[in-house]
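Novice: I have a structure here, written as structure tokens, and I will follow up with some questions on it.
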Amino acid sequence: MKILLVADLHYALKQFDWLLSEAPHYDVVVMAGDFLDLSSLATLEAQIVVVNTYLKRIAEKTQLVVCSGNHDLEAEEEGERVASWIRSLGGTRICRDGQHVLTGNTLISALPWWDGPLTKTAVRDQLARDAEARPEAGSWIWAHHAPPADSGLSWGGSRSYGDSDLVQWIEAFRPDIVFSGHVHQAPFISDGAWADQISGAWCFNMGQQPGPIPSHIAVSLEADEAIWLSQMGLSRVSLSGHGSPTSLDALPDWF
Amino acid sequence: MTDIMALCSRLPLQDFAAGEALLTEGDPGGVLFILKEGSVVVTKNGAEVAQVTEPGAVFGEMSVLLELPISATVTAVSPVKAHYCTDPFDFFAGNPDFSLHTARLLASRLHNATTYLADLKLQFEDRSDHFGIMDQILGAMVEQQPKARPRQRRSDDPRL
């Protein structure tokens, strides 16, 4: 199974165009939040129509998994900001906030951005439910916008912008892989990282870069390998090992 | 936000079964519908452009105000209750709050479309590939219904 991870597209339409053209080459595309851009000239309402159109088109090409980020919260329910537009996404090949999808023997859970105790409890409850659906011999992957706290994945240069609850959830539920975004600069700065192992789970943040191609991570579960493609070059990590990422001169055969 | 349902409470109600059309693209129009409960899908040239579930959503107003045929088909996807108004100009004249609500609705759609285009111009100064779906996006945008804005983000969230 070949999985593509992006996040933090922030209404960069050329990056959405790139994703649309790349999607058919992957079994699953994971978009880990921050679809919208709060500082855009376009209103959030307009952005939501545009992004919805892209998501439906991507889901026509492959299985799509989407989770909300802090820029995606356009509504308020019971005192908490929520991404109701993501929860309203329909379609058989879109797995969104609060849902999971089983592809082969890989379970993928889409977890919403939590703005308060109600959504945080809902995430915890979802993980407990999804753990029951976890295949005995297979992988469990999470899509969660904020990366784990106190990791290079969430290092912003002066402090961590990560989620300490996520660290506890990883420890409690032991997923195999966690896909995040949120901290744009983390993979590009000193003491930052695009891959980190926490309680046995490989956690990723591909970071954000300008231009028509978003920085992204491709994973082959068969090859047990993840690669990071960005303006910094090419880097890899073995999912079955415990080593640090190493740079690559050429793309692997599976890619 | 205006309590649109209270403003429409004296208008008669009509029930629609799932699959039944409230409005059909190309028909003469001249009638307003205000969604009370249920879910509808809006289609244009056979393509779905929006699903609407918000009570108070207004349909048929463009056709009424511009005296044009109905621009999109609105079909119930669940049992639907909708207020209807067959004399909309009298209703507008006698209900300034409803008229103001409709004006805001139209203004917000226009604002969305124009900000979208303004941003598009910025992002695509050098390329044209996104323009292939611009008509589809505009089609969906004009069917949007306004929603209440959430409060400002939390100031005590260490992740922000």
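Novice: Check the stretch A:24-31 and report whether any residue there is outside any loop (DSSP other than H, G, I, E, B) and open to solvent by 40 Å² or more (accessible area, probe 1.4 Å).
Specialist: Within the stretch A:24-31, one or more residues are outside any loop (DSSP other than H, G, I, E, B) and open to solvent by 40 Å² or more (accessible area, probe 1.4 Å).
Novice: Sticking with this one: Testing B:SER155 on (1) within 11 Å of chain A (Cβ to nearest Cβ); (2) modelled with pLDDT under 85, one condition comes back false. Which one is that?
Specialist: (1)
Novice: Does the stretch A:88-95 contain at least one residue that is under 18 Å from the mean Cα position of the chain (by Cα) and in contact (Cβ under 8 Å) with a residue 60 or more places away in the chain?
Specialist: no
Novice: Here's something else I'd like to know. Would you pick out the residues in the stretch A:198-221 that are assigned to a loop (DSSP other than H, G, I, E, B), aliphatic (A, V, I, L, M) and farther than 12 Å from A:ILE141 by Cβ?
Specialist: Across the stretch A:198-221, the qualifying residues are A:MET206, A:ILE213.
Novice: Looking only at the stretch A:105-144, filter to residues that are part of a loop (DSSP other than H, G, I, E, B) and touching a Ser or Thr at 6+ places or on another chain (Cβ under 6 Å); which one of those is farthest from the other protein chains (Cβ to nearest Cβ)?
Specialist: Out of the qualifying residues, it is A:GLY138.
Novice: Restricting to the stretch A:160-209, give me the number of residues that are open to solvent by 10 Å² or more (accessible area, probe 1.4 Å), closer than 20 Å to A:PHE35 by Cβ and free of Cβ contacts under 8 Å to residues at least 40 places away in the same chain.
Specialist: So the count comes out to 3.
Novice: Given the conditions (1) touching a Leu at 6+ places or on another chain (Cβ under 9 Å); (2) at positive phi, and given that B:VAL52 satisfies all but one, which numbered condition is not satisfied?
Specialist: (2) is the only condition that B:VAL52 fails.
Novice: Now, a different point. Say whether the condition of being under 20 Å from the mean Cα position of the chain (by Cα), within 8 Å of chain B (Cβ to nearest Cβ) and open to solvent by 10 Å² or more (accessible area, probe 1.4 Å) is met by at least one residue in the stretch A:61-68. Give the derivation first.
Specialist: If we filter the stretch A:61-68 for residues that are under 20 Å from the mean Cα position of the chain (by Cα), which is where we start, we get A:61-68.
If we keep only those that are within 8 Å of chain B (Cβ to nearest Cβ) as well, we get none.
Checking the stretch A:61-68: not a single residue is under 20 Å from the mean Cα position of the chain (by Cα), within 8 Å of chain B (Cβ to nearest Cβ) and open to solvent by 10 Å² or more (accessible area, probe 1.4 Å).
Novice: Check B:GLU125, B:GLU54, B:GLU48 and return the single one that is within 14 Å of chain A (Cβ to nearest Cβ), assigned to a loop (DSSP other than H, G, I, E, B), at pLDDT below 95 and within 18 Å of the chain's Cα centre (by Cα).
Specialist: Among B:GLU125, B:GLU54, B:GLU48, only B:GLU54 is within 14 Å of chain A (Cβ to nearest Cβ), assigned to a loop (DSSP other than H, G, I, E, B), at pLDDT below 95 and within 18 Å of the chain's Cα centre (by Cα).
Novice: Sticking with this structure for a sec: Which numbered condition trips up B:PRO79, out of (1) surrounded by fewer than 18 Cβ atoms within 10 Å (Cβ to Cβ); (2) touching a helix residue (DSSP H, G or I) at 6+ places or on another chain (Cβ under 8 Å); (3) of a type outside the set (D, E, K, R)?
Specialist: (2)
Novice: Being assigned to a strand (DSSP E or B) and open to solvent by 40 Å² or more (accessible area, probe 1.4 Å) is the filter; apply it to the stretch A:69-104 and report the residue that is nearest to the other protein chains (Cβ to nearest Cβ).
Specialist: So the residue we want is A:GLU76.
Novice: Of the residues in the stretch A:39-60, how many are more than 9 Å from chain B (Cβ to nearest Cβ) and within 17 Å of A:GLN208 (Cβ to Cβ)?
Specialist: 2
The values are calculated or read from the model by the stated rules, or taken from the named source; none is laboratory data. Worth saying up front: this structure is predicted, and the values here are computed from it rather than measured. No Cβ is skipped: glycine too gets one built from the backbone with ideal geometry, and neighbour counts run over all protein chains shown. Please note that ligands, DNA and RNA were not included when accessible areas were found on the heavy atoms of the full protein model with its side chains. Shrake-Rupley method; radii C 1.70, N 1.55, O 1.52, S 1.80 Å.
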